[in-house]
Amino acid sequence: MLIASGRSVDAYLRRVVEVATADHAAALAAVTTRAATVRGLVVDFILDGKASAPSPEVLAVEADEKFLFEAGPWLIGFVREALLSASDRRRGGVHHTDPALAGEVAGLAIELLDRPHVEIVVVDPAVGGGVFLLAAAERLKAPPTEVVSRLHGCDIDPMAVAATRAALTIWSGGIEPPSANLQVVDYLGPTVKVPSADLVIGNPPFLSQLKGTTARATSERRNLANRWPGVGRYVDTAAAFMLAAVDGLVAGGVWALIQPDSVLGASDAGPVRARLAATAPVERIWIDDARRFDAAIDTVALIGREGSSGEVTVFGGVPASESGVVSLPSPKSWAPLLAPARGVPTVREIAVAGTLGDLAVTTAGFRDQFYGLRHAVKEDEHTAVKLITSGLIDPLVNRWGTTSCRYDKRAWLHPAVVLELVADDIRDWVTARLRPKVLVASQTPTVEAIADQDGVFVPCTPVVTVEPHDPDDVWRIAALLTCPVTSALLAQAASGTALSANALRVSASRLAELPIPADDGAWMAAAMAARAGDVVATGAAMQQAFGIDDPVLVRWWHSRLPNRGAE
Ligand SMILES: C[S@@+](CC[C@H](N)C(=O)[O-])C[C@H]1O[C@@H](n2cnc3c(N)ncnc32)[C@H](O)[C@@H]1O
């Protein structure tokens, strides 16, 4: 099987593009002729109903027969992509899929279909060069004539449709797909007519609506809003393809589409996730760990089916291997699906008694607070009111006065806050922070928190504060934040964000949603360990408080503590 990113393909494509005339159809016709000839076939490249004459220059490009034989059906699509200018590719969202990856996704999807292969109807909504139809065709155990008659595809580019037709004809040994099966049409538009499918599979265009060059026209926006109320104007076009795919399935059908991983977490895509969860929820996810597309975007393949169990199996790599099973999160964010692939252990069956928001108010400062303190910070070892930055917070260790920190482009050892000099508009905010609380650093590998029992520290943005209703809860909260479960839950929630690989983004709202443990006795013991500054003992007691014994989770947490201090 051909690996499209292999050198021979790249070299061949470069050579074809070099010699191709401005007539792209002639170049594609030449590649079709060569790929067909080595298989003993005569196949025309038919664009808009007419056969194109092959370009003699391209016919002369050297390539060995074995390569042409094996790569033939896939080559035509790749030549089509290579002939497009970079800006055309960007505008049309044209980034073809590696055949090996398409094969893995097709395999993972077809496995979920519980019906005889000979009956399976496949639709690719954005065929490009037909790589997903070829991938499905290779995996369906049925005679090529039967398979080809049930493959359907759409693309807005006539050249893509012509390339797919030629590709399938070569693959099947000369059996042309019925002409109505491959259409030049906007899959999201009102004129598309495809049969209900057992499998909708493909790689739709990723067209960010935040950029002028790829934003939808007003009429397209209106169409989508009418068809799926609640799906707003900023949703990536790729996400709308998921909804159309689900609408086009027979009962029990499967959809499998490549998506930008932002679709999992973007708030604009929330209504799309909610709709999918209610119709044909995701059952498998394949996560790209190697940027296999030449677009600078992290991608996933989402595979869903009506009546799925709510469990999602996570895969990665080519060939695909399983990296875990997680419950499908709420539509608010599916970013936690990325966690197993990023090495974050799954938190299972903890005993909880509510959320941190029941016990405390969580607060984050903003830029105003950062700049409003500017003229009020002085170096003063004996001050009563102290400034604390993220850099001074380690798990249960406050480094104020022992380690220098940076604030406002300067190094400080004893940053003090002179309340009278604080800007008027934030003075109330600052004084309200002077109470017993827990301070949490941001962008750290695990949650790093310290207790401020005397209420003397002013948090410097982005430090987040947790202020208990009952001041006696300070150490319990410090313990809750110094524990494997809490760090893993936040790492899961943050998995879709850019900085997630090694840093947790701690926000006030995420902290408020954290579960608190059911076993009060063990939690108290953890609070005592926290008060004594024993990070490892705190973590161990908190595991007990949550009623779990999970060495993998504990090891993961230990390995991320600063200086591996716990080992
Ligand atoms: C990312 S490429 C994928 C091609 C192919 N499925 C693959 O994976 O190699 C996206 C394709 O979608 C086509 N396209 C863009 N907008 C479309 C639309 N509204 N309906 C159908 N096809 C579309 C582009 O012409 C392009 O061929």
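Against the numbered list (1) farther than 15 Å from Thr164 by Cα; (2) crowded, with 20+ Cβ neighbours inside 10 Å; (3) of a type in the set (Val, Ile, Thr); (4) at pLDDT 95 or above, Val58 comes up short only at (4). Within the range 85-100, being more than 9 Å from the ligand (Cβ to nearest atom) and among the aliphatic types (A, V, I, L, M) holds for Ala86, Ala100.
Considering only residues in the range 58-84 that are of a type in the set (Asp, Glu) and more than 26 Å from the chain's Cα centre (by Cα), the one that is nearest to the ligand (Cβ to nearest atom) turns out to be Glu70. Would you mind stating whether Ile110 is near the ligand (Cβ under 9 Å from one of its atoms) and in contact (Cβ under 8 Å) with a residue 24 or more places away in the chain? When the stated conditions are applied, Ile110 does not pass them. Here Lys66 meets the list (1) modelled with pLDDT under 90; (2) of a type outside the set (A, V, I, L, M, F, W, C); (3) over 20 Å from Val43 (Cβ atoms) almost entirely, failing just condition (3). Summed over the range 498-547, residues that are buried (at least 16 other Cβ atoms within 10 Å of the Cβ), out of contact with any strand residue (DSSP E or B) (no Cβ under 8 Å at 6 or more places or on another chain) and at pLDDT below 95 total 3.
The listed residues are Ala180, Ala215, and the only one of them that is small (Gly, Ala, Ser) and under 28 Å from Val31 (Cβ atoms) turns out to be Ala180.
When Thr279, Thr237 are screened for being of a type outside the set (A, V, I, L, M, F, W, C), surrounded by fewer than 22 Cβ atoms within 10 Å (Cβ to Cβ) and under 17 Å from the mean Cα position of the chain (by Cα), only Thr237 passes. One residue stands out in the range 154-172 among those that are without any contact (Cβ under 8 Å) to a residue 40 or more places away in the chain and within 16 Å of Gln183 (Cβ to Cβ): the one that is nearest to the ligand (Cβ to nearest atom), namely Asp155. Condition check for Gln183 on (1) in a loop (DSSP other than H, G, I, E, B); (2) within 14 Å of the ligand (Cβ to nearest atom); (3) surrounded by fewer than 23 Cβ atoms within 10 Å (Cβ to Cβ); (4) not basic (Lys, Arg): one failure, at (1).
Have a look at Ala142, Ala137 and point out the one that is of a type in the set (Gly, Ala, Ser), more than 12 Å from the ligand (Cβ to nearest atom), in contact with a His (Cβ under 8 Å, 6 or more places away or on another chain) and more than 17 Å from Val31 (Cβ to Cβ). Quick ask: steps written out before the conclusion?
Details: Ala137 fails: in contact with a His (Cβ under 8 Å, 6 or more places away or on another chain).
Selected residue: Ala142, the only one of Ala142, Ala137 that is of a type in the set (Gly, Ala, Ser), more than 12 Å from the ligand (Cβ to nearest atom), in contact with a His (Cβ under 8 Å, 6 or more places away or on another chain) and more than 17 Å from Val31 (Cβ to Cβ).
Tell me, please, whether a residue that is more than 11 Å from the ligand (Cβ to nearest atom) and polar (S, T, N, Q) can be found in the range 194-205. Scanning the range 194-205 turns up at least one residue that is more than 11 Å from the ligand (Cβ to nearest atom) and polar (S, T, N, Q).
The values are calculated or read from the model by the stated rules, or taken from the named source; none is laboratory data. The structure displayed is predicted, hence computed values, not measured ones. Neighbour counts run over all protein chains shown; Cβ positions are idealised from the backbone, glycine included.
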